[in-house]
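Okay, structure first, notes after.
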Amino acid sequence: MHRLYENDDIAIFWDSSKCFHARKCVTGCPEAFDFARRPWVDLSRAENAKVWKTVETCPSGALQIQYRHGIDVVMETEKHRSIALDGEKLIGECEYSETPDGWVIYHTGVRPEYEGKGIARRLVYKVIEAAERNGVQISGTCSYAAKVLSEGGS
Ligand code: SF4
């Protein structure tokens, strides 16, 4: 299971296939991380610095964190894509096609001046999460998406 949790400043990636429940997160910052709650990550409940420090203790790599850099990432399901926006400006996208075997991500791109901010990863996670929530298989012919998908052995 892949999930993307965000607040105004930070983005957290969660890949459950990597988690071996060492519980560093729930003991380090129980306000933000609680496996008994849905959603189990709530970034409104703790200071970003504490969340950041706690994620860095995750021994499995199931949790990862980065800054949002003021860039919004949203799904446009009707257009078969997720998009990244700097204000009103479209600065990246992750596109997929619907096939009998599920969704296939065929393109992920971010404008060159926005590279190096982890935006592509957020775009791909957004599509993976949407597919999983819809009970649809997800794969990627786009090399970047395939790499993200293979990280958890999925
Ligand atoms: S710290 Fe990492 S490995 Fe441990 S329970 Fe949390 S997410 Fe899982």
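If you check Gly92 against the conditions, is it crowded, with 20+ Cβ neighbours inside 10 Å and either more than 16 Å from the ligand (Cβ to nearest atom) or farther than 27 Å from Val136 by Cβ (or both)? Spelling it out, Gly92 is indeed crowded, with 20+ Cβ neighbours inside 10 Å and either more than 16 Å from the ligand (Cβ to nearest atom) or farther than 27 Å from Val136 by Cβ (or both). Here Gln66 meets the list (1) within 9 Å of the ligand (Cβ to nearest atom); (2) in contact with a strand residue (DSSP E or B) (Cβ under 9 Å, 6 or more places away or on another chain) almost entirely, failing just condition (1). For Ala11, the conditions (1) outside the structural domain of Glu132 (by TED's automatic domain parsing); (2) over 13 Å from the mean Cα position of the chain (by Cα) all hold with the exception of (2). The number of residues in segment 41-50 that are within 16 Å of the ligand (Cβ to nearest atom), outside any strand (DSSP E or B) and touching a strand residue (DSSP E or B) at 6+ places or on another chain (Cβ under 7 Å) comes to 1.
Taking the conditions exactly as written (near the ligand (Cβ under 10 Å from one of its atoms) and among the hydroxyl-bearing types (Ser, Thr, Tyr)), does Thr77 satisfy them or not?
Details: near the ligand (Cβ under 10 Å from one of its atoms): no; among the hydroxyl-bearing types (Ser, Thr, Tyr): yes.
Judged against the criteria, Thr77 is not a match.
Scanning segment 19-40 for residues that are touching a Ser or Thr at 6+ places or on another chain (Cβ under 8 Å) and surrounded by fewer than 16 Cβ atoms within 10 Å (Cβ to Cβ), we see that the one that is nearest to Leu123 (Cα to Cα) is Phe20.
Here the condition is being over 20 Å from Ala11 (Cα atoms), modelled with pLDDT of 95 or more and in contact with a Cys (Cβ under 7 Å, 6 or more places away or on another chain); of Tyr106, Tyr96, it holds for Tyr106 alone.
The values are calculated or read from the model by the stated rules, or taken from the named source; none is laboratory data. Computed from a predicted structure; not experimentally measured. Quick reminder, even Gly has a Cβ in these numbers, built from the backbone with ideal geometry, and neighbours come from all protein chains shown.
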